[in-house]
Amino acid sequence: MNKTVFLEDLGLKDYKQTWDYQEALFKQTVDLKINNRRQNENIPTPNHFLFVEHPHVYTLGKSGDLSNLLVNEEELAAKNAKFYKINRGGDITYHGPGQIVGYPILDLDNFFSDIHKYLRLLEEMVILTLAEYGLKAERSVGETGVWLDVGTPFARKICAMGVRASRWVTMHGFALNVNADLGYFDLMIPCGIKDKAVTSLNVELGQQEVDLEKVKEKLLKHFAALFEAQMVEKEKTEA
């Protein structure tokens with residue numbers, strides 16, 4: 001099993017361009033797995049982890065309800081935001097500057113063949129990271145992602161998740177609000193869950209801005225430990 005993971009930070013990059021890049025990496029891995037099986041070969045399959053920030057964009061998962069987007073095309077344009085229907089699980093999600101988005105493109109056969117365990121470990125990565133900032137983050141039963149004050153009237157979501165997997169190869173991933181403009185969440189019903197608030201790390205800490213690079217370092221440290229992965233960094237590319 002190959003537990004080397006290639007890390008690439010794409011900086012601020014258009015959602016569609018990043019999605020296309022994800023799809024290309026995903027297809028390479030799936031095609032290699034298919035060829036290995038047909039040719040009775042055992043060429044190691046690669047694993048990738050992409051960090052990115054997106055310009056303002058709303059994405060709707062394949063099981064999502066379009067009515068959870070509360071604005072029309074003209075209003076989106078006025079907010080300088082885009083909208084895409086995509087092929088991950090989950091409902092509607094917002095991405096924007098000040099949010100750390102992570103896309104692990106892993107062959108889970110290199111780690112474990114269990115998509116639920118995969119999601120729980122991604123959540124644990126975020127929970128452990130937030131604990132380093134003094135926050136007690138938790139899971140909410142039946143609601144994928146990471147939350148604060150679960151089970152209280154003040155429950156609020158700080159990290160959304162939605163993944164796709166085929167032949168045990170993953171794509172899409174998580175979005176952790178660090179310095180996010182929370183006003184953009186008012187234009188949708190986040191993840192289709194009504195009457196639940198959304199928050200950001202800087203708000204919780206009472207800071208104007210949290211160092212994104214330090215948060216990424218903590219996320220990667222916990223990801224590597226939880227997945228027993230060896231991270232190999234690629235050079236940062238420009239958007």
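Can you pull out the residues in region 110-145 that are hydrophobic (A, V, I, L, M, F, W, C) and touching a Gly at 6+ places or on another chain (Cβ under 8 Å)? Answer for region 110-145, where residues must be hydrophobic (A, V, I, L, M, F, W, C) and touching a Gly at 6+ places or on another chain (Cβ under 8 Å): just L122. Filtering region 18-38 to residues that are free of Cβ contacts under 8 Å to residues at least 40 places away in the same chain and not small (G, A, S) leaves D20, Y21, K27, Q28, D31, L32, N35, N36, R37, R38.
Do we find that Y133 is touching a residue at least 40 places away in the same chain (Cβ under 8 Å), in contact with a helix residue (DSSP H, G or I) (Cβ under 7 Å, 6 or more places away or on another chain), part of a helix (DSSP H, G or I) and of a type in the set (F, W, Y) in this structure? Outline the logic, then answer.
Numbers: touching a residue at least 40 places away in the same chain (Cβ under 8 Å): yes; in contact with a helix residue (DSSP H, G or I) (Cβ under 7 Å, 6 or more places away or on another chain): yes; part of a helix (DSSP H, G or I): no; of a type in the set (F, W, Y): yes.
No.
Which of the residues spanning region 104-130 are of a type in the set (V, I, T) and buried (at least 22 other Cβ atoms within 10 Å of the Cβ)?
Here is the first cut: in region 104-130, the ones of a type in the set (V, I, T) are 105, 115, 126-127, 129.
Listed by number, the residues that qualify are I105, V126, T129.
The single condition among (1) touching a residue at least 60 places away in the same chain (Cβ under 8 Å); (2) not in a helix (DSSP H, G or I) that S113 does not meet is (1). Count of region 22-49 residues, restricted to those that are open to solvent by 70 Å² or more (accessible area, probe 1.4 Å) and either under 18 Å from I100 (Cα atoms) or in contact with a Pro (Cβ under 9 Å, 6 or more places away or on another chain) (or both), is 1. If you go through region 4-21 and keep only what is surrounded by 15 or more Cβ atoms within 10 Å (Cβ to Cβ) and under 20 Å from M231 (Cα atoms), you end up with V5, F6, L7, E8, D9, L10, Y21.
Looking at region 131-146, can you tell me whether even one residue there is open to solvent by 60 Å² or more (accessible area, probe 1.4 Å), under 15 Å from the mean Cα position of the chain (by Cα) and at pLDDT 95 or above? Taking every residue of region 131-146 in turn, none turns out to be open to solvent by 60 Å² or more (accessible area, probe 1.4 Å), under 15 Å from the mean Cα position of the chain (by Cα) and at pLDDT 95 or above. Tallying residues that are among the β-branched types (V, I, T), open to solvent by 10 Å² or more (accessible area, probe 1.4 Å) and part of a strand (DSSP E or B) within region 69-103 yields 1.
Out of the residues in region 191-201 that are in a helix (DSSP H, G or I) and open to solvent by 20 Å² or more (accessible area, probe 1.4 Å), which is modelled with the highest pLDDT? Filtering first and then ranking leaves C191. If the condition is being modelled with pLDDT under 95, in a loop (DSSP other than H, G, I, E, B) and open to solvent by 80 Å² or more (accessible area, probe 1.4 Å), then region 209-238 contributes E235, K236, E238.
The values are calculated or read from the model by the stated rules, or taken from the named source; none is laboratory data. In this text, all values refer to a predicted model and were calculated from it rather than measured experimentally. Reconstructed Cβ throughout: ideal geometry from the backbone, glycine too, with neighbour counts over all protein chains shown. Just the protein is used for accessible areas: all its heavy atoms, side chains included, with ligands, DNA and RNA removed. Shrake-Rupley method; radii C 1.70, N 1.55, O 1.52, S 1.80 Å.
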